[in-house]
Amino acid sequence: AVHERKSNGYLLIATSGGLNQQRTGITDAVVVARILNATLVVPELDHNSFWKDDSDFANIFDVKWFITYLAKDVTIVKRVPDKIMRSMEKPPYTMRVPRKSDPEYYLDQVLPILLRRRVLQLTKFDYRLANDLDDELQKLRCRVNYHALRFTKPIRQLGQRIVMKMQKMANRYIAVHLRFEPDMLAFSGCYFGGGEKERQELGEIRKRWTTLPDLSPDGERKRGKCPLSPHEVGLMLRALGFTNDTYLYVASGEVYGGDETMKPLRDLFPNIYTKEMLAEEELKPFLSFSSRLAAIDYIVCDESNVFVANNNGNMARILAGRRPNAKRLSALLMARHEMDWDTFSRKVKACQRGFMGEPDEMKPGRGEFHEYPNGCICEKPFIDELSQDGIRPPKLAVRNMTTEADSEMNGGNEESFDLPKQSERM
């Protein structure tokens with residue numbers, strides 16, 4: 001990309017949500033700055049979400065790398081120059097754009113304000129840009145998300161040490177992103193069998209979202225909107241053919257119900273490990289910061305042989321892997337006692353076809369941009385020239401999981417459900 005000669009002003013971005021939701025907001029912020037020909041100020045992270053993490057951008061991401069990597073696309077600065085701030089008659093104008101706004105909206109509605117006020121802040125910036133953009137803007141999204149957003153060196157180092165410990169114990173391991181924290185369950189409006197105590201506890205948490213509608217737990221489950229429980233994740237994996245000697249890395253925050261909730265999964269897969277188990281002392285400086293902990297989990301999940309999520313959230317979208325076909329799985333799980341194990345296993349395998357992390361699942365414009373990165377997937381691996389610190393760089397290559405490759409890696413047996421190594425994303 002070639003820079004315009006003169007910036008139209010400074011763009012301030014306030015992201016929203018947890019780490020991966022904020023990551024998508026940062027990605028779109030760069031693209032919006034490009035659309036507006038604005039100078040982007042390093043985005044502010046959300047300090048007021050459920051997790052109450054006061055980490056700043058520089059605590060999680062490598063700021064210098066971020067600015068340098070995107071220098072040919074967008075000018076990025078750490079702060080608005082004091083001279084500009086002193087010259088302003090009014091504080092920066094603040095606005096919130098509608099969700100999934102297209103580039104024309106930004107040019108028609110946002111650019112005139114930016115030109116008039118010189119400094120503009122966009123608040124709660126999550127999913128504020130349309131999914132379906134032209135190829136150049138989509139490629140910019142991929143450069144940001146899969147290249148420019150590199151974690152800080154301490155996070156990368158600890159993440160890689162945990163990966164090495166997992167790989168030392170087992171040649172292959174599954175990473176399970178278990179989004180089963182109280183906030184997730186409360187937001188879902190689902191019921192997970194915990195009786196009146198669960199209803200009261202999750203009901204209190206749910207009150208923090210004043211605009212959420214009243215939902216039918218049974219209706220949400222039938223629609224496939226409920227995250228799978230740890231037990232249901234274990235049943236799905238066993239039904240897909242993974243044996244009980246498989247090593248699992250569980251990436252999660254505080255699981256609702258604690259050890260009692262996790263016990264059925266441990267019974268199915270005794271070799272379960274977490275970052276807390278593998279890096280107890282090294283993890284202490286990170287324990288008060290949920291987003292930094294999530295970044296460590298991200299690295300270990302990205303390096304896994306198989307990545308599995310119990311929901312279709314932000315982490316599941318960014319990382320390739322198995323996602324539950326929750327609508328069909330929910331019906332099967334509710335009826336599992338009415339069929340023998342072989343029948344259950346066969347039906348799980350059938351309903352999971354198309355949910356195995358293939359990069360060609362989504363059509364442009366339907367899902368989030370990272371669900372169909374076909375236009376910006378590298379066909380061959382390459383080494384990034386900026387990575388000179390001796391730390392393994394983020395994965396920069398994608399190996400498309402073609403039918404031929406899958407057949408070869410499964411020993412020519414098309415019915416095998418052992419996944420090949422997780423596709424590597426930019």
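The values are calculated or read from the model by the stated rules, or taken from the named source; none is laboratory data. Computed from a prediction, not measured in an experiment: that's the story for all the values here. Reconstructed Cβ throughout: ideal geometry from the backbone, glycine too, with neighbour counts over all protein chains shown. Note: accessible area is taken over every heavy atom of the protein model, side chains too, but ligands, DNA and RNA are not part of it. Shrake-Rupley method; radii C 1.70, N 1.55, O 1.52, S 1.80 Å.
Tell me, please, whether a residue that is open to solvent by 30 Å² or more (accessible area, probe 1.4 Å) and in contact (Cβ under 8 Å) with a residue 40 or more places away in the chain can be found in the stretch 262-278. Full working, then the answer.
Taking the stretch 262-278 and keeping what is open to solvent by 30 Å² or more (accessible area, probe 1.4 Å), we get 263-264, 266-268, 270-271, 273, 276-277.
Still in the list and also in contact (Cβ under 8 Å) with a residue 40 or more places away in the chain: 271, 273.
Looking through the stretch 262-278, at least one residue is open to solvent by 30 Å² or more (accessible area, probe 1.4 Å) and in contact (Cβ under 8 Å) with a residue 40 or more places away in the chain.
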Legend entry - Conditions (1) part of a loop (DSSP other than H, G, I, E, B); (2) within 29 Å of D132 (Cβ to Cβ); number of the one not met by K52: (2)
Legend entry - Candidate set from the stretch 185-214 (those that are farther than 21 Å from N310 by Cα and of a type in the set (D, E)); member that is modelled with the lowest pLDDT: D214
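Yes/no matrix, rows are residues, columns are (1) of a type in the set (S, T, Y); (2) over 26 Å from Q109 (Cβ atoms); (3) open to solvent by less than 40 Å² (accessible area, probe 1.4 Å); (4) without any contact (Cβ under 8 Å) to a residue 60 or more places away in the chain:
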residue	(1), (2), (3), (4)
R23	no, no, yes, no
I26	no, no, yes, no
V31	no, no, yes, no
R34	no, no, no, no
A38	no, no, yes, no
V41	no, no, yes, yes
D53	no, yes, yes, no
F61	no, yes, yes, no
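Filter the stretch 10-47 for residues that are of a type in the set (D, E, K, R), outside any loop (DSSP other than H, G, I, E, B) and in contact with a strand residue (DSSP E or B) (Cβ under 8 Å, 6 or more places away or on another chain) and give the result. Even if it seems obvious, please write down each step before you answer.
Here is the first cut: in the stretch 10-47, the residues of a type in the set (D, E, K, R) are 23, 28, 34, 44, 46.
Those still in the list that are outside any loop (DSSP other than H, G, I, E, B) too: 23, 28, 34, 44.
Correct list: D28, E44.
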